[in-house]
Amino acid sequence: MESKPKHLVIIGGGFAGVKLAQKLERGMPKGWDIFLLSKTNFITYNPLLPEVVGASVLPGHVQAPVRLMLKRTRIRMVKVEKIDHEQKLIHYQNNEPGQLRFDQLVLAGGVAANTCMLEGQEQFSLPLKTVGDALMIRNQVVERLEQATIHPDPERRKELTTFAILGGGFSGVETAGELEDFLCAAHRYYKNVSKEDCHVICIHSGDRLLPELSERLSARVLKNFNKRGIEVALNERAQHIEDECIVLKSGRRIKAATIVCTIGTTPHPFVSDPCLPLDRGKVVTQADMSVLSDEGEWRGVWALGDCALVPNEKSGEYSPPTAQFADRQAQVLAKNIVAKLNNQPTQAFSYKPQGMLASIGHNKAVAEVFGLPFSGLIGFMMWRGVYLLKIPTLARKVRLFLEWNWAMFFPPDIAHLGFRRSGED
């Protein structure tokens, strides 16, 4: 009698999970089926979400269907509810409950936006974690311009066109730059709204923007923002958020009709398992990305990406939650899984990043590549070139290239995108 195939299950359809599945499709031994469980059937290239906010690219250009990228992997669009590590069963929910057994399990679910980090955050601010979030922010920006152009009070018009971004990391800085570009191009179509009415504020708890980059490049970003009229509030922590207002711990109150939060993440419920080693809500792995139980036993579980704390042998520290590291972790983990199944030794994760890039709007970017700093137009061309190479599928690369060139010669799309079904107010 032919034995049943064994199951390797990957939870998470982000970069880490999809890249791992691609690599395993070429190397898994016979008798194994690969499953990928994800709430969506597409992969999102999150670094380009700020460009969706600023209408620089269409939302479909930063997403790619996973089924076009994987051939052998069995994909299930489900929400994982619980993992039974003792019985080796995954309980999930689609239109009805279901379960899937596993022999090897990979946790690659990433993290979700924490919308309850601050009092009033969920009620009065907008997160930026998904394409849906980016479209909601874009719609609200357009709504504020529409409201301002018909409001009779000049002071209220300024309040309506003030936009605050919490967070001075990559997402916060890129969103601020994109918003400023969008407002500069769009205000001319609103007769009662001037550029002086529009105001973008970036609030950061640290002493400099983009702390992941060198102080020299951080200073260039600050200088660029000051020149363009983007206000930067450094060393300021938000205490709570009210309706159209951020209250800082220093006592300062920042009025803004639109508040965008790029800070705060939270683990998915299925990761918060008492039998897993956890630190700050993330799964702690061994050097080869295997996960031991609380008794120190290995049960065929691995973890990588944003949901995991993976030691980097090269630096002696945990790997940062970036797409660059997730991509390399997936390549190493695929080799380790195959080696483990063939009773061969695994290898520790060791990687030196090639560089980091951030767009700051106005056809400018900052970058550190192989230790060398770049900024301005050169940095911007490098930023676009690198991201064009990394965006999934050839079709998306071509579409994105054409869209970027189109946007250089034509005004931004200021249409308000309706998401309501017929019959709703």
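Since every read-out is calculated from the coordinates, none of them should be taken as a lab result. No experiment lies behind these values; they were computed from the predicted model shown. Note that we place each Cβ from the backbone using ideal geometry, even for glycine, and neighbour counts take in every protein chain shown.
In percent, rounded to a whole number, the relative contact order of the stretch 194-293 is 17, using alpha-carbon pairs under 8 Å and six or more apart.
From the alpha carbon centroid of the stretch 4-24 to that of the stretch 400-425 is 34 Å. The reciprocal of the average 1/r between distinct C-alpha atoms defines the Kirkwood hydrodynamic radius, which for the stretch 121-263 equals 15.3 Å. Per-residue Karplus couplings for the stretch 313-326, computed as 6.51 cos²θ - 1.76 cosθ + 1.60 with θ equal to phi - 60°, are listed in order as 4, 5, 9, x, 10, 6, 5, x, x, 10, 4, 4, 6, 4 Hz, Gly and Pro entered as x. Residues whose amide H lies under 5 Å from that of G355, counting only those 5 or more places away or on a different chain, are F370; hydrogens are built 1.01 Å from N in the peptide plane. Only one residue of L222, N139, I34 has its Cα farthest out toward the positive end of the dipole of the chain, where Lys and Arg carry +1 and Asp and Glu -1 on Cβ, and that residue is I34. Peptides 207-215, 409-417, ordered by how many other C-beta atoms sit within 10 Å of their residues on average, highest first, read 207-215, 409-417.
When the Cα convex hull of the stretch 271-365 is projected onto planes of every orientation, the mean area is 7.5 nm². Cβ-Cβ distance of E143 and K6, R₀ of 41 Å, FRET efficiency by 1/(1 + (r/R0)^6): the value works out to about 0.20. Which part of the stretch 359-373 falls in the paramagnetic zone of S214, meaning amide N under 19 Å from the point 7 Å along Cα-to-beta-carbon? From the stretch 359-373, the list is 359-360, 365-373.
Dipole of the chain computed with +1 at Lys/Arg Cβ and -1 at Asp/Glu Cβ about the Cα centre; of G167, F182, V369, farthest Cα towards the positive end is V369.
Sorted fewest first by neighbouring Cβ atoms within 10 angstrom, S422, S250 come out as S422, S250. Amide H contacts of C245: A256, each under 5 Å away and 5 or more positions distant or on a separate chain (H built 1.01 Å from N in the peptide plane; Pro and chain starts excluded).
Applying the Karplus relation 6.51 cos²θ - 1.76 cosθ + 1.60 with θ = phi - 60° to the stretch 26-40 yields 3J(HN,Hα) values of 8, x, 5, x, 5, x, 10, 10, 9, 10, 10, 10, 8, 5, 10 Hz, where x marks Gly and Pro.
With an a/c value of 1.5 or above and a/b larger than b/c for the gyration tensor axes a ≥ b ≥ c computed over the alpha-carbon atoms, the stretch 23-72 is described as prolate.
With neighbour counts taken as other beta-carbon atoms within 10 Å, the residues R280, R74 rank, fewest first, as R280, R74. The stretch 78-100 and the stretch 197-276 have Cα centres spaced 37 Å apart. Model label points for R420 and R67, set 7 angstrom from Cα along the Cα-to-Cβ axis, are 3.2 nm apart. Residues whose amide H lies under 5 Å from that of V57, counting only those 5 or more places away or on a different chain, are V52; hydrogens are built 1.01 Å from N in the peptide plane. In this label model, N235 and N405 are separated by 4.8 nm, measuring between points 7 Å along each Cα→Cβ vector. When the convex hull of its Cα atoms is viewed from all sides, the chain shows a mean projected area of 23.5 nm².
Here's the picture: a label point sits 7 Å out from the Cα of L389 along the beta-carbon direction, and within the stretch 46-82 the residues with their amide nitrogen under 18 Å of it are 47-48.
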